[in-house]
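Novice: The structure's right below; bear with me while I get my questions together.
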């Protein structure tokens with residue numbers, strides 16, 4: 001077995017699978033041929049890991065493959081790699097045409113950090129939070145200038161999250177179309193729902209002093225509707241800005257609203273930046289960005305907790321702010337950070353990604369970190385509300401990276417029928433040698 005693994009190491013290369021979930025800086029007309037062999041410790045257990053992960057971007061078209069095999073010291077394939085039919089299909093990680101905000105954007109496969117509209121309902125949603133349960137979904141966004149729509153479906157293997165937003169620029173149909181600012185006023189309407197059978201299950205919490213018991217009720221499919229207005233202030237080649245207002249109602253629960261500004265700066269590839277600042281008004285039984293990067297993990301955990309339960313018991317609603325900043329310098333220093341902060345207490349949402357690989361230098365640093373229900377004391381404490389990827393590496397040659405990788409992710413728990421009943425944290429530690437062959441199209 002060891003001889004076979006050593007032979008494969010010579011033939012192939014090795015690179016990260018999880019980092020692609022955090023990589024939000026794709027390069028057009030470029031590709032990477034990566035793959036290989038290494039060791040990984042999953043919750044303290046060693047596995048031989050083999051991966052092949054080419055990624056190609058040519059003009060508007062992008063394709064990514066992802067073959068992941070992990071063998072125990074006895075030579076047995078780790079079963080979570082291929083536990084469902086979708087695991088075999090998801091070797092094709094994604095196929096896409098265009099990018100978000102292009103007139104035509106279509107993507108099939110893993111959906112990483114997808115946002116619908118201004119993000120008050122679906123924001124940075126991830127349909128595959130665990131590599132052990134890779135999911136195939138689709139997004140289709142079309143902009144016909146005067147009108148358009150955005151759409152997402154999370155999982156073709158079973159019922160899941162469906163979201164659609166249609167919008168129109170009404171003044172484009174009138175003589176006011178050429179007016180600055182007001183001529184591009186945008187009016188939108190959104191519907192999103194989770195049609196998974198567990199989406200509306202409420203775990204009953206006993207009152208204080210009452211002996212603990214387990215019982216649930218089902219409020220059915222969680223459905224959310226929203227209306228929004230968007231007003232571009234200016235849109236130049238080097239800078240753009242827009243104002244927006246969203247109103248959202250979660251059926252059978254509560255409602256809320258948000259207003260904010262989005263800014264963009266394009267420094268001709270030298271320095272790019274984006275920023276978002278939003279004020280949120282939250283009523284009882286309401287939370288903004290309900291379908292978020294953690295939603296697939298939060299949805300339901302075997303009569304213990306669920307996202308709908310959190311919504312049901314949110315009686316002390318509180319307003320807050322959300323801010324986000326993204327910076328890219330020369331395409332080699334890329335950072336994105338976002339934080340929600342409520343007015344009078346903790347309980348925020350944190351999102352961070354960073355990719356530092358300066359040309360001509362022999363080191364790289366990459367990280368991605370998401371956390372929900374943040375309080376000041378545990379902001380960087382890893383638990384069941386955290387996802388982390390971190391890699392620090394050295395490049396002895398232009399095509400080789402020697403690095404240490406740490407991952408805090410999730411793996412599914414299953415019942416006797418092989419159905420997913422929830423997720424539990426999973427820790428991976430990987431010393432790795434990566435061979436990367438970049439090429440231009």
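Novice: Tell me, yes or no, whether segment 8-18 has at least one residue that is over 24 Å from residue 353 (Cβ atoms) and at pLDDT 70 or above.
Specialist: no
Novice: What's the total number of residues in segment 171-184 that are out of contact with any helix residue (DSSP H, G or I) (no Cβ under 6 Å at 6 or more places or on another chain) and either under 16 Å from residue 235 (Cα atoms) or surrounded by 14 or more Cβ atoms within 10 Å (Cβ to Cβ) (or both)?
Specialist: Summing the residues that are out of contact with any helix residue (DSSP H, G or I) (no Cβ under 6 Å at 6 or more places or on another chain) and either under 16 Å from residue 235 (Cα atoms) or surrounded by 14 or more Cβ atoms within 10 Å (Cβ to Cβ) (or both) in segment 171-184 gives 7.
Novice: For segment 272-285, check the following and say yes or no: at least one residue is in a strand (DSSP E or B) and at pLDDT below 90.
Specialist: No.
Novice: Something else about it: Determine whether residue 360 is surrounded by fewer than 19 Cβ atoms within 10 Å (Cβ to Cβ) and not in a strand (DSSP E or B).
Specialist: yes
Novice: I've got another one for you. Among the residues of segment 137-154, what is the count of those that are crowded, with 22+ Cβ neighbours inside 10 Å and part of a loop (DSSP other than H, G, I, E, B)?
Specialist: The total comes to 1.
The values are calculated or read from the model by the stated rules, or taken from the named source; none is laboratory data. This structure is a prediction, so every number in the text was calculated from the model and none was measured. Quick reminder, even Gly has a Cβ in these numbers, built from the backbone with ideal geometry, and neighbours come from all protein chains shown.
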